[in-house]
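The values are calculated or read from the model by the stated rules, or taken from the named source; none is laboratory data. Note that the structure is a prediction, hence the values are computed from the model and not measured. When we count neighbours, we look across all protein chains shown, and the Cβ atoms used for this are built from the backbone with ideal geometry, even at glycine. What goes into the accessible areas is simple: the full protein's heavy atoms, side chains included, and nothing from ligands, DNA or RNA. Shrake-Rupley method; radii C 1.70, N 1.55, O 1.52, S 1.80 Å.
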Amino acid sequence: MKYCLIIIAFLFLVSCQTNGQKKQDEDFDLSLKIDSIISGQKFNGVILVATDSTVIYSKAIGFSDLENETKLGVNDQFVIGSISKQITAVLVLREYEKENLELYDSIGKYLTQINQSWTKEVTIHHLLTHTHGIVDLNKPLEFEQGSQFHYSQLGYELLAQILEKVTEKSFEQLSSELFENYGLKNTFHPNNKKYKHLVKGYEETENGVLAFAANSLDNYVPAGSFISNATDLKKWNENLYSGKLVKKETLKLMTTKYATRIHPIFETVDYGYGLLFKDGEQNVQIGALGYAPGFVSACYYYPQENLNLVILENTANNLDDFKQTFKIHTEIMELIKKRTHNNVSYEKH
């Protein structure tokens, strides 16, 4: 009996070592493949691939200031574009959890300053899912609320105004408190001038020259102008998908398909609350791309491997074809998704 226990213990140890070595080999292979994707291409930014506890890939390539050739650092800060929307969605859902609002409340209950009859029909849910039909606060709806999808920055600005009404705090204060409470020390509302490492963003001109984009922060903040870095976005994912930012049942609302968009990069993609995913892939690859003038970003989570991918770039090339603008981002995303699929298939067998 004693010898049997020793043999079992030995086999268990060997199995752990084998699995551990396999994981190290996979991570090394992934790193080599990411290097291969970015080799020879125009990439200027930061790439981070990590689980909660293990950094698999972390690299800063290029410059934070092209004119002065200031080297980019992995902790430098970027404008994160539409990744901002999930932050706004979380703030809304936290008030929903406190019963300070209902998702199917009409927006007229809160936005009394808008003198349009459609405020009685459009709901918070419609704003969260880009199905509201609002194109101008002084015009009729573009379509009947809930009947179509039209990607909207304005809808998320209205969500911020509702939050201000409900909480009697500014959106800047609300978001800053959230970041502080969850240790996101490098994430900021742009009006909070405490950020010190925001890089400069550049866009390719018609002549193929990269020029400084002075309007990187001109979008509505709740829709596309928060500032963050790779480490904080990894931490954001950890907090969000572990149920720390919102309850697990509320997170389920964020990852539910409400609408499908014909997408300039993904062809078709489904939308939840601030998050997007291919049909049926909520548990495979979920997150968001982000674009602000001069900034090209991706923040994704891979639930089956508890893996985070953050790509923050401060040079925007090929703006006449967004598939090319986001080419490196989507190739790395596909690489990680394929690895996840292979590992899950292997475990099933």
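So which residues in region 199-231 are within 13 Å of Asn318 (Cα to Cα), surrounded by fewer than 24 Cβ atoms within 10 Å (Cβ to Cβ) and in contact (Cβ under 8 Å) with a residue 12 or more places away in the chain? Matches in region 199-231: Glu203, Glu204, Leu210. Within region 259-272, no residue that is farther than 16 Å from Ala89 by Cβ and free of Cβ contacts under 8 Å to residues at least 40 places away in the same chain sits with its Cβ atom under 6 Å from a residue that is among the small types (Gly, Ala, Ser) and part of a loop (DSSP other than H, G, I, E, B) at 6+ positions apart or across chains. Return the residues of region 314-329 that are of a type outside the set (Lys, Arg), touching a residue at least 24 places away in the same chain (Cβ under 8 Å) and surrounded by fewer than 19 Cβ atoms within 10 Å (Cβ to Cβ); say none if nothing qualifies. If the condition is that a residue be of a type outside the set (Lys, Arg), touching a residue at least 24 places away in the same chain (Cβ under 8 Å) and surrounded by fewer than 19 Cβ atoms within 10 Å (Cβ to Cβ), then Asn318, Leu319, Phe322 are the ones that fit. Does region 278-293 contain any residue that is at pLDDT 95 or above, open to solvent by 10 Å² or more (accessible area, probe 1.4 Å) and of a type in the set (A, V, I, L, M, F, W, C)? Yes, there is a match, as at least one residue in region 278-293 is at pLDDT 95 or above, open to solvent by 10 Å² or more (accessible area, probe 1.4 Å) and of a type in the set (A, V, I, L, M, F, W, C). Condition check: in contact (Cβ under 8 Å) with a residue 12 or more places away in the chain and either open to solvent by 50 Å² or more (accessible area, probe 1.4 Å) or touching a strand residue (DSSP E or B) at 6+ places or on another chain (Cβ under 9 Å) (or both). Does Val296 satisfy that? Yes; evaluated as a whole, the condition is true for this residue. Selection of region 286-338 for residues being among the hydrophobic types (A, V, I, L, M, F, W, C), more than 17 Å from the chain's Cα centre (by Cα) and more than 25 Å from Thr205 (Cβ to Cβ) yields only Leu335.
Within region 154-182, the residues that satisfy the criterion of being of a type outside the set (Gly, Ala, Ser) and part of a loop (DSSP other than H, G, I, E, B) are Glu168, Lys169, Tyr182.
Restricted to region 259-285, and to residues there that are closer than 29 Å to Asn215 by Cβ and of a type in the set (Phe, Trp, Tyr), the residue that is farthest from the chain's Cα centre (by Cα) is Phe266. Only one of the numbered conditions (1) at pLDDT 90 or above; (2) open to solvent by 60 Å² or more (accessible area, probe 1.4 Å); (3) in a helix (DSSP H, G or I) is violated by Ile7, and that is (1).
With respect to the conditions (1) touching a residue at least 40 places away in the same chain (Cβ under 8 Å); (2) assigned to a helix (DSSP H, G or I), Tyr151 falls short on a single one, namely (2).
For region 30-75, filtered to residues that are acidic (Asp, Glu) and exposed (fewer than 12 other Cβ atoms within 10 Å of the Cβ), the residue that is nearest to Val209 (Cα to Cα) is Glu67. In this structure, Leu111 qualifies as modelled with pLDDT of 95 or more and in a loop (DSSP other than H, G, I, E, B).
Checking each residue in region 241-263 for being more than 30 Å from Asn181 (Cβ to Cβ) and either surrounded by fewer than 13 Cβ atoms within 10 Å (Cβ to Cβ) or among the β-branched types (Val, Ile, Thr) (or both) picks out Thr260, Ile262. Residues in region 92-108 that are exposed (fewer than 15 other Cβ atoms within 10 Å of the Cβ) and not in a loop (DSSP other than H, G, I, E, B): Glu97 only.
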